[in-house]
Structure formats: C-alpha cells, structure tokens
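The values are calculated or read from the model by the stated rules, or taken from the named source; none is laboratory data. These numbers were taken from a predicted model, which means no experiment stands behind them. All Cβ positions, glycine included, derive from the backbone under ideal geometry; neighbour counts span all protein chains shown.
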Amino acid sequence: MEFVAPTLASETLFHIGAFEVRNTLVMAWLTMIVLIAIAGTARAKGFALVPGRFQAFIEYIIEGLFDLFDSIIQDRKVTTKVFPLVATFFLFIIVANWLGIVPGVGSITVRGMHAGHPMDIPVLRSMNTDVNVTLALSLISVIATQFFGFRTHGMVRHAGRYFVAPWKKPYGIGTFVGLLELIGEFVRLMSFTFRLFGNIFAGEVLLVVLSFLIPYMVPIPFLGLEIFVGFIQALVFTLLTLAFIKMSVASHGDHGDHVPHTSPSRA
C-alpha cells in the first residue's frame with residue numbers, strides 16, 4: 001500500500017457551475033445536518049416536566065454551557081445575549097472535530113485531479129483541516145466581539161479604544177496603545193485561524209501516518225487522544241471568544257476619557 005500524506009489544501013470533489021464543492025465543505029454540511037437533526041428531534045419530542053433521557057441529556061449540555069459561560073462573563077444579561085453565538089461555536093466545532101475521526105472519513109476516496117495531478121481524493125475530510133473554514137469562524141468571532149462592544153458602549157466610545165488623538169491625555173501614549181489594540185485584533189484573527197487549523201490538521205496527519213505504519217490496534221489510543229483534542233480545541237476557541245467579548249463589553253476606563261462621559265447605550 002502506497003503512503004499518501006494529507007494535502008495542505010482541501011480537495012475539490014465536483015463543481016456546481018463555477019462553484020467548487022470541496023470535501024471539507026461536504027463535511028461542514030454533514031455537521032450542520034447532525035446538529036439540525038438533534039435540534040429537530042428535541043423540538044419534536046417537546047419538553048416534559050419530568051424529562052426523559054434524551055431531554056435530560058440536551059438540558060444537561062445547555063445548562064452546563066450556560067453556567068460555564070456565565071461564570072466567565074459574570075453578567076447574566078450579557079451571557080443571555082452572547083450565549084446563542086458562543087454555544088453554536090462550541091457545538092459546531094466539537095461535532096465537526098469528532099466527525100472527522102469517524103471511520104471512513106479520509107479513507108474513502110474517488111479518483112480525481114488536485115493541483116493539476118491525478119490522485120485519490122477523500123470524499124470526506126475533517127472540516128477544520130481547511131484553513132478557509134477556520135478563517136471564516138475566526139472572522140465571525142472577531143466581528144461579533146466588535147459588534148457587542150459597539151452595541152454596549154456606542155460607536156464613538158468603543159472606537160475610542162483604538163483611535164486616540166495624540167493631543168489628548170495621555171499625549172501620544174494613548175495613541176500608541178490604541179494602535180497596539182488595533183493590531184492585536186488582526187493578530188487575534190490569525191491566532192484563532194491557525195491554532196484551530198494547525199491542531200486538527202496535525203491530528204489528521206498523525207492518524208494517517210500511524211494507520212500506515214501500524215494499521216491495526218495501536219492507532220486506537222490516538223483516536224481517543226483526538227477525541228480529547230477535538231473537545232479542547234472547541235472549548236479553547238469558544239472560551240477565548242467569550243473572554244474577548246467580555247473585555248469588549250466591559251468599561252473602557254481610561255480609553256474613553258477623551259470622549260464625553262455618557263451612560264453606555266444598551267440595546
């Protein structure tokens with residue numbers, strides 16, 4: 001059997017017009033189908049005062065996530081606003097990560113072209129091994145952070161965190177600090193993108209190499225490790241997003257001294 005290392009870029013399965021359908025995109029669709037099916041089942045069953053096992057399981061996950069997020073935000077009103085977004089992040093990423101190690105993912109292939117060369121293309125590939133997916137998730141995270149900041153403090157006060165006139169106190173230092181804050185947003189975007197992509201892609205390569213060298217029982221413990229890594233990466237991405245949202249909605253302190261002191265607007 002010939003060893004073929006996973007490619008850094010995802011592979012195109014077919015086209016819909018000019019639109020490329022890639023194996024990672026198909027995996028993202030499957031992830032959404034799984035989550036929608038679970039939510040649809042929960043809605044169809046209804047909510048009983050004495051919950052069955054399925055309802056108790058769903059309630060345990062939702063309540064556990066809400067309590068965890070609230071312990072970080074420490075403001076029930078803000079937690080309620082951001083919970084749908086950050087909970088979706090966690091569930092979407094963790095389900096995608098775990099589906100990526102299901103038998104058949106990466107091993108069922110079709111013959112096709114990739115980068116101008118014929119090769120066996122995996123029909124399914126872990127969603128987060130595509131840097132385009134992790135970049136999209138990171139963009140949503142960073143934009144949502146700014147959105148909640150603008151929503152809480154208003155546009156002028158929140159923008160004052162990044163843009164400080166050099167003639168205002170503390171005379172140039174505030175301008176430099178604001179510039180560092182702005183650069184930090186772009187650094188955060190890159191960090192979010194490549195942390196998630198790098199860890200999941202590395203896990204995929206590890207499993208492929210082990211399955212080729214020692215193809216039977218030895219890779220099983222590493223599958224367990226990948227289950228743990230998939231959980232940790234989803235949790236880290238979610239909690240970092242939550243932490244940055246908390247910083248964004250918190251009082252800006254001295255960052256806002258150069259603008260009129262008005263009470264923050266809360267939608």
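May I ask you to list the residues in region 124-142 that are buried (at least 17 other Cβ atoms within 10 Å of the Cβ) and either among the small types (Gly, Ala, Ser) or touching a strand residue (DSSP E or B) at 6+ places or on another chain (Cβ under 6 Å) (or both)?
Correct list: SER126, SER138, SER141.
Of the residues VAL50, VAL21, only one is more than 20 Å from the chain's Cα centre (by Cα), outside any helix (DSSP H, G or I), closer than 30 Å to GLY112 by Cβ and not hydroxyl-bearing (Ser, Thr, Tyr); which? Explain how you work it out, then say what you get.
Numbers: VAL50 fails: closer than 30 Å to GLY112 by Cβ.
Going through VAL50, VAL21 in turn, just one is more than 20 Å from the chain's Cα centre (by Cα), outside any helix (DSSP H, G or I), closer than 30 Å to GLY112 by Cβ and not hydroxyl-bearing (Ser, Thr, Tyr): VAL21.
Would you confirm whether or not region 182-199 contains a residue that is at pLDDT 80 or above and in contact with a Pro (Cβ under 8 Å, 6 or more places away or on another chain)? Even if it seems obvious, please write down each step before you answer.
Quick first cut of region 182-199, residues at pLDDT 80 or above only: 182-199.
Next, only the ones that are in contact with a Pro (Cβ under 8 Å, 6 or more places away or on another chain) stay: none.
No: zero hits.
Determine whether ALA42 is touching a Phe, Trp or Tyr at 6+ places or on another chain (Cβ under 8 Å) and either without any contact (Cβ under 8 Å) to a residue 60 or more places away in the chain or buried (at least 19 other Cβ atoms within 10 Å of the Cβ) (or both). Full working, then the answer.
Details: touching a Phe, Trp or Tyr at 6+ places or on another chain (Cβ under 8 Å): yes; either without any contact (Cβ under 8 Å) to a residue 60 or more places away in the chain or buried (at least 19 other Cβ atoms within 10 Å of the Cβ) (or both): yes.
Yes; evaluated as a whole, the condition is true for this residue.
One line per residue, one yes/no per condition, for (1) on the phi > 0 side of the Ramachandran plot; (2) buried (at least 20 other Cβ atoms within 10 Å of the Cβ); (3) modelled with pLDDT of 90 or more; (4) touching a Phe, Trp or Tyr at 6+ places or on another chain (Cβ under 6 Å):
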site	(1), (2), (3), (4)
GLY224	no, no, no, no
PHE231	no, no, yes, no
PHE237	no, yes, yes, no
VAL249	no, yes, no, yes
GLY256	no, yes, no, no
VAL259	no, no, no, no
THR262	no, no, no, no
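Is there a residue being surrounded by 14 or more Cβ atoms within 10 Å (Cβ to Cβ) and in contact with a strand residue (DSSP E or B) (Cβ under 9 Å, 6 or more places away or on another chain) anywhere in region 46-53? Explain how you work it out, then say what you get.
Filtering region 46-53 down to residues surrounded by 14 or more Cβ atoms within 10 Å (Cβ to Cβ) leaves 51.
Still in the list and also in contact with a strand residue (DSSP E or B) (Cβ under 9 Å, 6 or more places away or on another chain): none.
No, region 46-53 has no match at all.
Filter region 143-157 down to the residues that are surrounded by fewer than 19 Cβ atoms within 10 Å (Cβ to Cβ), part of a helix (DSSP H, G or I) and not basic (Lys, Arg) and list them by number. Show your work before the answer.
Filtering region 143-157 for residues surrounded by fewer than 19 Cβ atoms within 10 Å (Cβ to Cβ) gives 143-144, 146-147, 150-151, 154-156.
After this cut, where a residue has to be part of a helix (DSSP H, G or I) as well, the list is 143-144, 146-147, 150-151, 155-156.
Passing the criteria: ILE143, ALA144, GLN146, PHE147, PHE150, MET155, VAL156.
Is it the case that region 67-80 has a residue that's of a type in the set (S, T, N, Q), farther than 19 Å from ILE108 by Cβ and assigned to a loop (DSSP other than H, G, I, E, B)?
Restricting attention to region 67-80, the residues satisfying the condition of being of a type in the set (S, T, N, Q) are 71, 74, 79-80.
Applying the additional criterion that residues be farther than 19 Å from ILE108 by Cβ yields 71, 74, 79-80.
Keeping just the survivors that are assigned to a loop (DSSP other than H, G, I, E, B) gives 74.
Yes, that holds for at least one residue.
Considering region 171-209 alone, what residues qualify as being of a type outside the set (A, V, I, L, M), more than 21 Å from LEU240 (Cα to Cα) and exposed (fewer than 13 other Cβ atoms within 10 Å of the Cβ)?
Selection gives TYR171, PHE176.
Only residues in region 11-28 that are over 17 Å from ALA96 (Cα atoms) and in contact (Cβ under 8 Å) with a residue 24 or more places away in the chain count as the first member; pair them with residues that are in a helix (DSSP H, G or I) and among the polar types (S, T, N, Q), Cβ under 9 angstrom, at least 6 apart or cross-chain, and list the lot.
Going by the 9 Å Cβ cut-off, the qualifying pairs are GLU11/ASN23; GLU11/THR24; THR12/ASN23; LEU13/ASN23.
With the requirement that a residue be within 23 Å of the chain's Cα centre (by Cα) and either in a helix (DSSP H, G or I) or surrounded by 17 or more Cβ atoms within 10 Å (Cβ to Cβ) (or both), what does region 96-121 give you? Write out each step before concluding.
The first filter runs over region 96-121 and keeps only residues within 23 Å of the chain's Cα centre (by Cα), leaving 96-102, 105-106.
Once the filter is applied, which keeps residues that are within 23 Å of the chain's Cα centre (by Cα) and either in a helix (DSSP H, G or I) or surrounded by 17 or more Cβ atoms within 10 Å (Cβ to Cβ) (or both), region 96-121 yields ALA96, ASN97, TRP98, LEU99, GLY100, ILE101, VAL105, GLY106.
Part of a strand (DSSP E or B) and crowded, with 19+ Cβ neighbours inside 10 Å: is that true of ILE93 in this structure?
Values: part of a strand (DSSP E or B): no; crowded, with 19+ Cβ neighbours inside 10 Å: yes.
It is false that ILE93 is part of a strand (DSSP E or B) and crowded, with 19+ Cβ neighbours inside 10 Å.
Would you mind stating whether ARG111 is basic (Lys, Arg) and either within 18 Å of ILE245 (Cα to Cα) or touching a residue at least 12 places away in the same chain (Cβ under 8 Å) (or both)? I'd like the intermediate steps shown before the answer.
Working: basic (Lys, Arg): yes; either within 18 Å of ILE245 (Cα to Cα) or touching a residue at least 12 places away in the same chain (Cβ under 8 Å) (or both): no.
Criteria not met by ARG111.
Where the second residue is among the aromatic types (Phe, Trp, Tyr) and buried (at least 17 other Cβ atoms within 10 Å of the Cβ) and the first is modelled with pLDDT of 85 or more and lies in region 143-154, which pairs have Cβ atoms under 7 Å and are six or more apart or on separate chains?
Matching pairs, first to second residue: THR145/PHE244.
If you check ALA37 against the conditions, is it assigned to a helix (DSSP H, G or I), free of Cβ contacts under 8 Å to residues at least 60 places away in the same chain, more than 19 Å from the chain's Cα centre (by Cα) and surrounded by 13 or more Cβ atoms within 10 Å (Cβ to Cβ)?
Judged against the criteria, ALA37 is not a match.
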